[in-house]
Amino acid sequence: MSSGAATLGILALEEVRLCHAFFEDWFAGRTDPAALDARLQAFSDEFLRVAPDGSLVTCGDLRRFLERRHDEETGTGFSIHIENEAIVWESADAALVSYVERQSSRGFSSRRLSTALFIASPHTPGGVQWRHLQETMIPSPQTAGEPARPNP
């Protein structure tokens, strides 16, 4: 890469921010349902998410989940914030990043530590695709050490 080009890790972290901004708008009903196809181009067909409860979520599962939940959080104050972003490892064709996702809705809040593997994808707008995601709930003081109600 040239000295002015973004590294794959930087592209991956930008995709994390863009994706979660989309999810926040999607669940709050601020995004047109037609935008879902374009957003899901950022996910590999082989994408696999290990949810906080240990269940496995494929790209097809993610699509069905999002279709069911469009505008479900309208008027609830739903928000998603990404913090503590880091590039764990990167090469010319893949990057591993970590971040903490903080969600708030209906008086509940939760935090999860996420580690995501991205692969280079020159045919997608962001230049990367989600390939694997592992999420672990972080206990919250508001729930006496137990994880808050997760948003799958």
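Measuring r between the beta carbons of W89 and A21 and using R0 = 30 Å, the FRET efficiency lands at 0.75. Relative to the longest principal axis of the Cα atoms of the chain, helix 59-69 runs at roughly 40 degrees. A simple charge model with +1 on the Cβ of Lys and Arg, -1 on the Cβ of Asp and Glu and nothing else charged puts the dipole of the chain at about 300 debye relative to its Cα centre. The trypsin sites (Lys or Arg not before Pro) found in region 99-131 that occupy coil by DSSP, while having at most 15 further C-beta atoms within 10 Å, are R106. Relative contact order for the chain: 25 percent, from Cα pairs under 8 Å spaced at least 6 residues apart, divided by residue count. Relative to the longest principal axis of the Cα atoms of the chain, the long axis of helix 8-27 lies at roughly 30 degrees. One equal scatterer on each Cα of the chain, no solvent, Debye formula: the resulting log10 I(q)/I(0) at q = 0.15, 0.16, 0.20 Å⁻¹ is -0.80, -0.91, -1.37.
Each residue, R106 and E67, gets one label point 7 Å from its Cα in the Cβ direction; the gap between the two is 2.4 nm. Secondary-structure-derived ellipticity at 222 nm for the chain, considering helices only, amounts to -7500 deg cm²/dmol, per-run term -39500 (n - 2.57) for DSSP H runs with n ≥ 4.
Where a number appears in this text, it was derived from the coordinates with a stated rule and is not lab data. Remember, predicted model here, so these are calculated numbers, not experimental data. Positions of Cβ are backbone-derived with ideal geometry, glycine not excepted, and every protein chain shown enters the neighbour counts.
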